[in-house]
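What follows is a single structure, written as structure tokens, with notes after it.
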Amino acid sequence: MPAAAGRPISVVMDAHVGSTGGGRNEGEAASSVDDGASRRFTFLRRPKVVVWAAVAIGAGVGWIWLAAMVVGMLATTDMTALGPGMGFFNRLNGFAELTPEMRAALTVLCGPTGEAWSLGDALAVFAMWVAMVFAMMLPSAAPVLTSFASLAEDKRAAGEATASPLLLAAGYLTIWVAFALVATVGQAVLTQLRVLTPAGTTASQLLAGTTLLAAGLYQFSPLKMGCLTRCRYPAPYFADNWTARPAGVFRQGVEQGLDCLGCCWALMVVMFAVGVMNVVWIAIIGAVMVVEKVTFSLLVPRLVGVVLLLWGAALVLISPVGTVLLTRFHLL
């Protein structure tokens, strides 16, 4: 009886041991799966990686939208109507082989001719400006976003709470999306007044010239220099105003967006002089903004200002008003 009784006890004990071991193995397997998934998404915990991924994806989406816009216009549009440099794209649609008279006739037949916009037109133009903001402004915001991310990584390594740099980017983009809305309204009004053509270029050399002159003068203004300095050296701002609260980080993004707006709005307005749908100059001006912010010399903004002033003066002088003035002063 004791031996017989011992066997059930042993079996029961073995069963319990086996059950415990199986449970431990299952737990270890689940933990291994969780650790593997955690390792796969570890990059999301690195603020710098998040920043560069967000900048790349956001700018990429903006450029894809702009490229799709150009592709959609190629078949029926003389691309020279969109501003300087855009004539290159006529090589892709056969317009380059046509005479200027034939290109003008086709543009009238196929292109936009009315000044009044429908709701769909307004939404399309707003989407274009938002795409420009993503394509041009996100890369130029990389120094600010990276500065925040570097400090966030240090804080996290010290065991302190941090907020995602995406909140900072969201606050920053809020300002520029608001600018896109204002630019859309401005473009609609100027088109209605026939100051801009339906293709988004200025209707006169005088207007283009004065726009460039104004942008050139702003390059030398104290406001431009102050905003540019804060965009170049954002680290002290974040060190003095560090917060892990999501609302606070979003607000900081708004403040950084306002500094960036003060630095770059005049360069964005240059698009009205060269053509608001001119992707060539979107790329050029976007590159200028980035160079201004990653260099630490005043030579760059001043050189850009000189170029804009000379360019604007040349357009004013060759305009009908400029010709009259030159004739009156016996300079022509």
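The table below gives the values:
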{"quantity": "Mean Cβ count within 10 Å, highest first, over the residues of peptides 183-190, 278-285", "calculated": "278-285, 183-190"}
{"quantity": "Burial ordering of D154, D259, fewest other beta-carbon atoms within 10 Å first", "calculated": "D154, D259"}
{"quantity": "Rg(Cα) / (2.2 N^0.38 Å) computed for segment 136-187, rounded to two decimals", "calculated": "1.48"}
{"quantity": "Separation between Cα centres of segment 216-232 and segment 180-205, rounded to whole Å", "calculated": "26 Å"}
{"quantity": "Cα-projected label distance for T295 with F220, points at 7 Å along beta-carbon direction, nm", "calculated": "1.8 nm"}
{"quantity": "R302/R232 FRET efficiency (R0 22 Å; Cβ-Cβ; nearest 0.05)", "calculated": "0.90"}
{"quantity": "Zero-based 10 Å bins, Cα pair distances in segment 266-332, whole percents", "calculated": "18, 38, 26, 15, 2"}
{"quantity": "5 angstrom amide H check on S221, placed H, neighbours 5+ away", "calculated": "none"}
{"quantity": "Charge tally in the Cβ shell below 12 Å around A163, where Lys, Arg are +1 and Asp, Glu are -1, A163 excluded", "calculated": "+3"}
{"quantity": "For segment 47-328, convex hull of alpha carbons as volume per residue, Å³", "calculated": "135 Å³"}
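No lab work stands behind these numbers, since they all come straight from the coordinates. On a predicted model such as this, the values are computed, not experimentally measured, just so you know. Please note: Cβ atoms are built from the backbone with ideal geometry, for glycine as well, and neighbour counts cover all protein chains shown.
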